[in-house]
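Colleague: Below: one structure in structure tokens.
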Amino acid sequence: MQVTTGKFEATGDIMIVPVFAGVEKAPNNTTVGLSRGASIAVKAAASGDALTGKPGNMLEVWTKGCTVFFVGVGDKETLTHKGARDAGAKCLAKLSKDLGTNIVIRFTSGWNSSNMAAFAEGMILRDYAFDKYQQKDDDNANKGEWSLECQAHERHLEGLAAAVQKSASIATGVHLARDLANEPANRLYPEEFGRRALEWAEGKSNVEVEVWDYERLHKENMQGVIAVGKGSIRKPCMVFFRLNPDAQTGERVPCIVGKGITFDTGGISIKPSAGMWDMKYDMHGSATVFGLFQALWATGYSGRVNGITCMAENMPSAEAYRPGDVIDTYSGKTIEIFSTDAEGRNVLSDGLWKSAELNPSYIVDLATLTGACVVALGHEASGLWSNDKSLSDKIHEAGNAEDEIAWPMPLMPAFEKEMTSSKFADVRNGGKGRWGGACTAAAFLKQFVQDREDENGEKSQIPWAHLDIAGTAWGADTNACVAHGGTGVHVRTLHRLITSQ
Ligand code: BES
Ligand code: MN
Ligand code: ZN
């Protein structure tokens, strides 16, 4: 989607006029540029009872060459950025390209800059489809891209232009994350993810991507990733992302780690077949990392950032790992496998341990880690665990600002005790029972966050946060910004977190 800003001049093929509750007539500037006849029709329609301005209320007025939509957004005083963003998203979802592809939005009286930007952002985020494997002989697909001109009073234009350009740039990362998530597992397997990352880095002077293949994983003793991935003919790999590698040298910078199971059958602890198709999304943590780097790059972020994605396909086979196995990990700690279906934490054990070697200011991992997290929070929020209150608060706040809720969950010593109670290894990959499954998983991950010494020689764990995105990576039908499929969740949260420090 091309996004521009301008004065109240051009009318577009489609003109959107967002209006507040209680609207009695077409706001000033609504009809600028329309013919006299069209203006009269539009004004007449707007003064009728059909236009209420309540959320969801929409009034369509056809005129020659331009279809005008009044879109209700509710009370002006209580309109939130979420309300505005969702209204924009829902509005875009209703438009048909049969009317043309040039959209003009007219923000008339009463709009403040941040709500205008949020409304436009909703339209931008919602403008996404994954139709590359469908023959395009119908509907919206073959009619070209939307273009969007956001019109407002001149005093708003500069700020609005900056805001919508930023939203559009970040959205390229969100949409990339959705593309990766939506790819089926026969087409996107660990090394294909690595290949796409390398391809993405080509020609970008301030990014570096490095892929550690199966052989390299063996050399580095990344046995957590190897154990999970070895049952598949699509071998595992680790992908390292570096943005602005030459900036802030010697300084601590963030490291973001992703779970990247391109398909999770459960392995030998195989899953039931119903719903298993959704396990193609089990690499969404890694998709978010990749999308985040695109978003940071596209917005011109000049700081240094590291990313690590732990890629594997979890398959049952003669070469697969088994329940009861004791595996080595990159950390040197051993893991007793209770379920091969608790594979995400095994691959993350290596990714997290590695991340500490990059001297990070903080580590954030993202993982579609547990069904238990979906039981706890549904599709409305990701679970957020952290060993650092200030980091946790910042992620929670960034999530709220972007309407990607990250809900604080407890890291309790009892859970850590449970996960370190294996009779045969240092750590066990499943809890003793099913209760608190999302918390025991987080407690497991914490075992792989390294300590470091401060200036006084005191050791403490590196600040770390874990986001369980099992419920938010796909399937949230209340999310107005997504039609279906992968959501691209937390690209925007982490972009805000990283760029606002
Ligand atoms: N990828 C799944 C978690 C998942 C399940 C995400 C459903 C989204 C929807 C993960 O690898 C898994 O299988 N976890 C197990 C852990 C258990 C064996 C300790 C689970 O949640 O059942
Ligand atoms: Mn699993
Ligand atoms: Zn999984």
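The values are calculated or read from the model by the stated rules, or taken from the named source; none is laboratory data. Please read these numbers as outputs of a predicted model, since none were measured by experiment. Cβ coordinates were reconstructed from backbone atoms using ideal geometry, including for glycine residues, and neighbour counts include every protein chain displayed.
The rows are residues; the columns are (1) crowded, with 19+ Cβ neighbours inside 10 Å; (2) part of a helix (DSSP H, G or I).
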| position | (1), (2) |
| --- | --- |
| 296 | yes, yes |
| 310 | yes, no |
| 322 | no, no |
| 366 | yes, no |
| 375 | no, yes |
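Colleague: If you don't mind, another one. Have a look at 331, 361, 339 and point out the one that is outside any loop (DSSP other than H, G, I, E, B) and touching a residue at least 24 places away in the same chain (Cβ under 8 Å).
Modeller: Values: 331 fails: outside any loop (DSSP other than H, G, I, E, B); 339 fails: outside any loop (DSSP other than H, G, I, E, B).
The match here is 361.
Colleague: Quick check, is residue 300 closer than 30 Å to residue 496 by Cα, assigned to a loop (DSSP other than H, G, I, E, B) and of a type in the set (Gly, Ala, Ser)?
Modeller: yes
Colleague: Tell me, which strands (runs of 3 or more DSSP E) wholly within the range 424-501 include 2 or more residues that are closer than 26 Å to residue 391 by Cα, assigned by TED's automatic domain parsing to the domain that holds residue 225 and in contact with a helix residue (DSSP H, G or I) (Cβ under 9 Å, 6 or more places away or on another chain)? Lay out the reasoning, then the answer.
Modeller: On the way: elements: 451-453, 459-461, 464-468.
The strands (runs of 3 or more DSSP E) meeting that bar are 451-453, 464-468.
Colleague: Name the residue that is nearest to ligand 1 (Cβ to nearest atom), counting only residues in the range 218-251 that are closer than 20 Å to residue 366 by Cα and surrounded by fewer than 22 Cβ atoms within 10 Å (Cβ to Cβ).
Modeller: 240
Colleague: In addition: Tell me which residues, restricted to the range 260-271, are in contact with a Ser or Thr (Cβ under 8 Å, 6 or more places away or on another chain), of a type outside the set (A, V, I, L, M, F, W, C) and more than 10 Å from ligand 2 (Cβ to nearest atom).
Modeller: 260
Colleague: Shifting gears a bit: Might you check whether a residue that is in contact with a Ser or Thr (Cβ under 8 Å, 6 or more places away or on another chain), part of a helix (DSSP H, G or I), of a type in the set (Ser, Thr, Tyr) and assigned by TED's automatic domain parsing to the domain that holds residue 237 occurs anywhere in the range 383-395?
Modeller: Yes, the range 383-395 has at least one match.
Colleague: Applying the selection to the range 341-364, what residues are within 16 Å of ligand 2 (Cβ to nearest atom), of a type in the set (Asp, Glu) and either out of contact with any helix residue (DSSP H, G or I) (no Cβ under 7 Å at 6 or more places or on another chain) or within 18 Å of residue 242 (Cβ to Cβ) (or both)?
Modeller: Matches in the range 341-364: 341 only.
Colleague: Go through (1) more than 16 Å from ligand 2 (Cβ to nearest atom); (2) crowded, with 19+ Cβ neighbours inside 10 Å one by one and return the number of the condition residue 407 breaks.
Modeller: Going through the list (1) more than 16 Å from ligand 2 (Cβ to nearest atom); (2) crowded, with 19+ Cβ neighbours inside 10 Å, residue 407 breaks only (2).
Colleague: What is the residue count in the range 33-60 for residues that are part of a loop (DSSP other than H, G, I, E, B) and surrounded by 15 or more Cβ atoms within 10 Å (Cβ to Cβ)?
Modeller: Of the residues in the range 33-60, 8 are part of a loop (DSSP other than H, G, I, E, B) and surrounded by 15 or more Cβ atoms within 10 Å (Cβ to Cβ).
Colleague: Can you work out which of the residues in the range 252-283 that are assigned to a helix (DSSP H, G or I) and near ligand 3 (Cβ under 10 Å from one of its atoms) is surrounded by the fewest Cβ atoms within 10 Å (Cβ to Cβ)?
Modeller: Step one: of the range 252-283, the residues assigned to a helix (DSSP H, G or I) are 276-283.
Applying the additional criterion that residues be near ligand 3 (Cβ under 10 Å from one of its atoms) yields 279, 281-283.
Details: 279: 19, 281: 27, 282: 27, 283: 36.
In this case the residue turns out to be 279.
Colleague: Shifting gears a bit: Taking the range 328-354, which residues are buried (at least 20 other Cβ atoms within 10 Å of the Cβ) and away from ligand 3 (no atom under 11 Å from the Cβ)?
Modeller: 329, 330, 331, 335, 337, 349, 350, 351, 352, 353, 354
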